[in-house]
Each structure stands twice: as structure tokens, then as C-alpha cells.
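K.L.:
Can you read through this structure? Questions will come right after.
The values are calculated or read from the model by the stated rules, or taken from the named source; none is laboratory data. Not measured: the values here are computed from a predicted model. FYI the Cβ positions are ideal-geometry reconstructions off the backbone, even for glycines, and counts take in every protein chain you see.
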Amino acid sequence: MKKTKMTVGLSSILALVLVLAGCKGSVEDQSEAAISDPMPSSTEVPWQSHGNDWGEQRFSELKSINLDNVNELGLAWYFDMYTDRGVEATPLMVDGMLYVTSAWSMVYALDARTGELVWFYDPKVPREFLAKGCCDAVNRGVAYIDGQVIASTYDGRLVSLNAKTGAVQWDVQTTDREQSYTISGAPRIAGDKVIIGNGGAELGVRGYVTAYYVKDGTQAWRFYTVPGNPKDGFESKAMEMAAETWTGEWWKWGGGGTAWDSFVYDPMLNLVYLGVGNGSPWNQKLRSPGGGDNLFLASIVAVDADSGEYVWHYQTAPGDTWDYTATQHMILADLDWKGSLRKVIMQAPKNGFFYVLDRETGELLSAEPYSATTWATHVDMETGRPVETETARVFDGKNVTVPSNAGAHNWPAMSYNRETGLVYIPTLQLGIQFKEPTHARDMLPAQGYWNQGFDRTNYVVPQLPNIDEIIDSSVTGQLLAWDPILGQPRWTGNLGRVTGGGVLSTAGNLVFQGHHDQFRALNAETGELLWSNAVHTAAMAPPITYELDGEQYIAAAVGFGGGLGAEGGSAAHGWDISTNLSRVLVYKLGGDVVAPAPDTVKEPIPKPPPLTGTPDQIQLGQEIYQRHCSVCHGDGLRTGGLSPDLKRSKAGVHDIWQQIVRGGLLQSAGMVSFAQFVTEEEAEAVRQYVLSVTNIAYEQQQASADQP
């Protein structure tokens, strides 16, 4: 029952999200139930905001699918999207329509009962913008309000679409297109405004978050997350305060602090909570050589929803130097905390500690490790600061830091189940060996290309030691059922390689999550695996559930790529995706549709040109490759299939190597010119390094083929 790929001649995208029904009354009157919007009286139970309710708990009261019958779950329909890259989107379902996004910020409106395409919007993001971003041209979904679907685009725009037709209603540019800003996060609705941030810290930008009026797209306010050049004056008292925590000439590096994903709005307190990212560059010794907390990096910041004015902040990693962002999913809940009801915000950021804060005041209530950590022993509850270990900032290329820069928890959303009282967190357990920069160019600010302030040649995965002794576990990822009140896990589920996808929990006592190439359901109380289904690609995005005509559906968007499918990450850890697709999968009880697997065709490595480089030239090529190329083409040339596998470059590619690398010959395909950063000699050194790896791989391929 494959859906035909058809394009409706409508030119826009709508955005689904927050309906604040059930949120009236004084703050004092609100109880735990206030987080959940009441179900409508109609036959539809929608999923119309990013996290389902305004607290982004990703919990559903639906329970037609439950422990007793989940094994009867089957595919109701599927839809193949028009890309074959990473899919990280949370679908929305409103008025019988499912809204979902794919790579390149494309938006699809599908009949939620049948999967038939109703309309499609392509914002036509220039492909050269791929080089301006971090982790694939992904998109995490749309927002919905009053018949509008509001979408973000990778090239920095917000677009309002008519929810029924897809017609563009307004289109605003939120970033400077000349700088390396991108948007991969989903917009959020806050009253009559839509909130959006941006990415680009690794490429030397200064982060900010902007609110626009949903009626016409005019700007309401903007909150900068790090200070700019003091000589230019400060945009707010908050920036003046933050500047006191920086040293040196940080603004020349950009500063970073991009809030690229996590926002949540509390309509009772009229606060918007911003999850702020890492510094630019990561290495604090370069951007702020005199130290300092570097506000508001790696912080949760509460701002007034009407004005954008600063209210409070809590910093999870003061003076961040490890890429320990606080951009991970945040959840609002009302908890019985030591005998009294507390309005809290919860987060499991990259740094390995699970935080529970009073969301009115920012007071720290709990900070317990949910992962192994070598950078800090604990969080001091008096000061609220992590107690760093003696080796926390030792970057000699030998000291192993856990968590790695990928974090103990990254962008895949967690879920809070009000019935079990547990938060379900997709976690990682990986280490990294940071190394201080050894090349002069890595010690100088430059906007527009990757510079983390560390020696990237040390990021090659095979060079990492066995970290089992450090993390006391042989797994690299697990689904963690966390008790936020006790500050400890209830159960863990071994995922094996890397990590799993985002999470949904339901009143049917179920947890749904993507697990590599499987979509699965687990017992919410025990973690027992109850059901799974092959998705024929990577399932990373968080699923949703909705009800139509009394029938419950589970929907998930799948596709390999992005931050978890990054070429130098998952692929290098053995997650090899030979073929890829972007697909929407919708399940129901008794579903009997079969979604075909894509044809797997892996071209052999062609015989490469001879290797003529000297050992020194090859070594230089590896350094330049790791510095500029590995982000897309994979550490050690281990690619996951999203960007070309350079080992499979034919002789003709080598003949025009300089035109590609320095001349921008393939710019329209996303391979921009590196002439500003790579000399002709360095480009040739990279080619020789590629040939050195390719020749070995080719010989191994031939030897394997000769064996009986």
C-alpha cells in the first residue's frame, strides 16, 4: 500500500502546536493534572503540540493499546517522504491531518487515517547551507495554532502555512544568511507568539532566541544567550551581567550559546524556558582564557513570555569546555516534593546529571548522576555547582572524559509518565579523549568553518581506549526509567550500540521507542520488551499517539542521519546503513500493511589510483581531513551513507579533486569550496590520505573476494 509521491501545487507549510485548554485559574489552584490538556469531547484525540501537553511530558492518556493487546499492533499505513537523510521530527495530528517534516525542512500534510498526501511544502533550502550546519539538514517538526502550521527552515526562516491548504501566509528570515546560522529545531507556541532559536556555535556564531507574533510574523522580542562586544553596548541588563563572567575577546570567536532545540512554555507563570548550548569554540581556554562561568552557556534560562526579559537561570556546566549543552528536552511537572506540591522543570542534559528545579524561582531541588561521569563527582547542593575532578580539564589526548561531547543524553526526547512517576531517558555511554590544539589555525577565531578549539585528529574512534573500566558497563546506550523524586533508576534496558530514539509513554502502561532499525514497545513498569517491528532504516525521532473514530494510532517518522546518524559518530561505532529512506509509519491494532525494505545495493570499492604521497604528506592530509572533512565524510573515512563515501571515489573524481575541494564545483550538492581554509597543497595531502585508506580497503576487499 505504498503511497505515491505526488506534489500538490501549493507553496507552503503549516505549523501545529499548543492549545492551552484547561490552563485557567490561579497558579495556586494548579495541581499535577493541570499539566495535561483535557481530551476533547469529539471522536478525535489529537497530538497538536510538540510534547503533546504544554509541559512537554510526551505522555498520552490513551490506553486502547495496552499491555494486554500490544502484541496485536501492526502497520496501518506508511508514506515514503522525498528525502533519504536523517529524520528527527515529531509529527503533529490535528483535525484528522498528520503534519510531519523531513530533511531540508520539507513539510507533508497526510490524511491521518489513510496516509494519503493532502499537500506538500518545499521551502527550497539552498543545498550549500549543509556546510553551514552541524549535524545534517534535519528538522524536528512544526508548530500548530489556530489553523496555522508554523515551520522552521534550515536556512533560518519561519514560515506560516494554512493548515488545510499549505498556502504560505507569512515568511520571515530569523537569521543573518551570510553567517553560519541554521535551524533544525521545532518552533514552540507561547501564547500569541512562536519561539525559535538557531544553531551554528561550532562555526562561530552568537546565539539568540526570538519570539514572533503568530498573526503576522512580526518580531516581538529577542533574547541573546551570550554577550557581544562590550564596545557596542549591551542589549539588556542580562547581557551586561553575563559579560562579567567572560574574559578575553570572546566576541571574536562568536561566543556560541546557540539554543538549537529545547524550549518549553508555562502559561500559568507566563515564562518561556530556554535550553542553551555550548560555547564557540568548545575549548574555554581560547574563547575565555581567564576562565569564568561564561553565562549563559549550558544553562536553563527563564524569560518573560511577553517581553523576553530575563527572570532566572541555572547553569548546568559553568565554564563549559566539553560541549555539555543544556539544549536537551525539558519537562514541566507538578511533583509531591517532600510533602508539598512543587512546580518543577526537569532536564537530563549532556553532562550526566538529572536536574529537578523549581520552575518559578530556579531553585535547585535535585541533581543526581544518571550516567557515569569522570568530569565531576557530584553537584554541591549548597552552591548548585558541579564539583569537578582533578582531571576534568586535562586535555592531553590520553585522559578519557565521560560523557563524551555527544553527552549522556542528546536530542532524542524523554517522556514523563504521570502514572508510573518515571522519566524515560534515552542515554549514551561513550568517552572521548580531548586534545589541546596543536596547529596555529585552530587557535585563532574564524567564522564560517568548524573550529572546536581542540585537535580533531584525536577524535578518530579506533584511537579511543576501552572505557569499560571507567563506565563500569559494556553497553554504549540504554533506555533509563528514572525516578525524579528518589533520584535513581527504576530499571534500565540495554540498547547496545550508541543510543535509541525519542520516547512516548501512555496510560496503557507502555513505552514506545525506536531502537536502531526497530520500533518497539516496552512495559512501562518493568522495561520488558513486548513488541517490535523492523523499520528498515534508523528509528530516531520520538513517536506520538492519537485517536480517530475511537481507534488509537501510534505514529513515528524514521530515517538515518542527523546527530545520532552523524557520519563520524554512529557509523564509526558499527551502525552501518547501506541504504536509507525517510518514511512515516503509522500503527494500529490489527494493522496488516507491509512496508517494503529498500533495495540494498552497496557498490564495491573501485580500484583506486596509485598512492604517491609521502608519509609526512599523508599525516598532514589526515590532520586536514579530520579538521574539515570528517564531520560530513566520517572519522577515518567511516561513512554512514549520507555523504559520499570517499573510498568509493572513482579515478575521475581524483582528476578534478582541486575543482571540487577548492573550486566549489559541487556547491549545489552541498560541497562548498574550502579555498579559504585549505591550500592547494593541503587539498592534495587530503587526497593522498584518502588514497592511503582506500588502497588498504581495496586490498582487503580483493582478498575477501578471493576466499572460497
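K.L.:
Does Trp221 fit the bill of being surrounded by fewer than 24 Cβ atoms within 10 Å (Cβ to Cβ), of a type in the set (A, V, I, L, M, F, W, C) and either in contact with a strand residue (DSSP E or B) (Cβ under 8 Å, 6 or more places away or on another chain) or assigned to a strand (DSSP E or B) (or both)?
P.N.:
So Trp221 fits the description; yes.
K.L.:
For the range 636-675: of the residues being touching an Asp or Glu at 6+ places or on another chain (Cβ under 9 Å) and small (Gly, Ala, Ser), which is modelled with the lowest pLDDT?
P.N.:
The residue in question is Gly640.
K.L.:
Which of the residues spanning the range 387-421 are within 27 Å of Gly291 (Cβ to Cβ) and either of a type in the set (Asp, Glu) or not assigned by TED's automatic domain parsing to the domain that holds Gly319 (or both)?
P.N.:
Those that are within 27 Å of Gly291 (Cβ to Cβ) and either of a type in the set (Asp, Glu) or not assigned by TED's automatic domain parsing to the domain that holds Gly319 (or both): Glu388, Glu390, Asp396.
K.L.:
Somewhere in the range 383-399, is a residue touching an Asp or Glu at 6+ places or on another chain (Cβ under 9 Å), aromatic (Phe, Trp, Tyr) and farther than 23 Å from Pro489 by Cβ?
P.N.:
yes
K.L.:
Ok, one more. Assess whether Tyr698 counts as being assigned to a helix (DSSP H, G or I), touching a Pro at 6+ places or on another chain (Cβ under 9 Å) and either closer than 27 Å to Asn405 by Cβ or not assigned by TED's automatic domain parsing to the domain that holds Phe454 (or both).
P.N.:
yes
K.L.:
Within the range 148-174, track down each residue that is among the charged types (D, E, K, R), within 24 Å of the chain's Cα centre (by Cα) and either assigned to a loop (DSSP other than H, G, I, E, B) or not assigned by TED's automatic domain parsing to the domain that holds Leu92 (or both).
P.N.:
Answer for the range 148-174, where residues must be among the charged types (D, E, K, R), within 24 Å of the chain's Cα centre (by Cα) and either assigned to a loop (DSSP other than H, G, I, E, B) or not assigned by TED's automatic domain parsing to the domain that holds Leu92 (or both): just Asp155.
K.L.:
All but one of (1) surrounded by fewer than 19 Cβ atoms within 10 Å (Cβ to Cβ); (2) closer than 20 Å to Arg85 by Cα; (3) touching a residue at least 24 places away in the same chain (Cβ under 8 Å) hold for Leu611; state the number of the condition that does not hold.
P.N.:
Going through the list (1) surrounded by fewer than 19 Cβ atoms within 10 Å (Cβ to Cβ); (2) closer than 20 Å to Arg85 by Cα; (3) touching a residue at least 24 places away in the same chain (Cβ under 8 Å), Leu611 breaks only (2).
K.L.:
Here's another thing I want to ask about it. Of all strands (runs of 3 or more DSSP E) completely enclosed by the range 231-345, which ones contain at least 1 residues that are acidic (Asp, Glu) and surrounded by fewer than 17 Cβ atoms within 10 Å (Cβ to Cβ)?
P.N.:
Strands (runs of 3 or more DSSP E) meeting the threshold: 299-304, 330-337.
K.L.:
Among the residues of the range 134-147 satisfying the criterion of being buried (at least 24 other Cβ atoms within 10 Å of the Cβ) and over 22 Å from Asn278 (Cβ atoms), which is nearest to the chain's Cα centre (by Cα)?
P.N.:
That would be Gly141.
K.L.:
Here's something else I'd like to know. Give the number of residues within the range 348-372 that are β-branched (Val, Ile, Thr) and within 23 Å of the chain's Cα centre (by Cα).
P.N.:
Of the residues in that region, 1 qualify.
K.L.:
What are the pairs, 6+ residues apart or on separate chains, where a residue within the range 209-229 that is in contact (Cβ under 8 Å) with a residue 60 or more places away in the chain has its Cβ under 7 Å from a residue that is among the charged types (D, E, K, R)?
P.N.:
Ala211/Lys193; Val214/Asp192; Val214/Lys193; Ala220/Lys193; Val226/Arg206
K.L.:
Show the residue pairs meeting these rules: Cβ distance below 7 Å; 6+ apart or different chains; first residue within the range 89-107 and among the aliphatic types (A, V, I, L, M); second residue modelled with pLDDT under 95 and not in a loop (DSSP other than H, G, I, E, B).
P.N.:
Close Cβ pairs (under 7 Å, with a partner that is modelled with pLDDT under 95 and not in a loop (DSSP other than H, G, I, E, B)) amount to Leu92/Leu16; Val94/Leu16.
K.L.:
Within the range 356-410, can you find the residues that are more than 16 Å from Met330 (Cα to Cα) and of a type in the set (Phe, Trp, Tyr)?
P.N.:
Scanning the range 356-410 gives Trp375, Phe395.
K.L.:
Counting only residues that are free of Cβ contacts under 8 Å to residues at least 60 places away in the same chain and not hydroxyl-bearing (Ser, Thr, Tyr), how many does the range 368-416 have?
P.N.:
Here the count works out to 16.
K.L.:
I need the strands (runs of 3 or more DSSP E) fully contained in the range 488-604, keeping only those with at least 1 residues that are at pLDDT 95 or above and crowded, with 24+ Cβ neighbours inside 10 Å.
P.N.:
So the answer is 503-506, 510-515, 518-523, 544-548, 551-558, 583-589.
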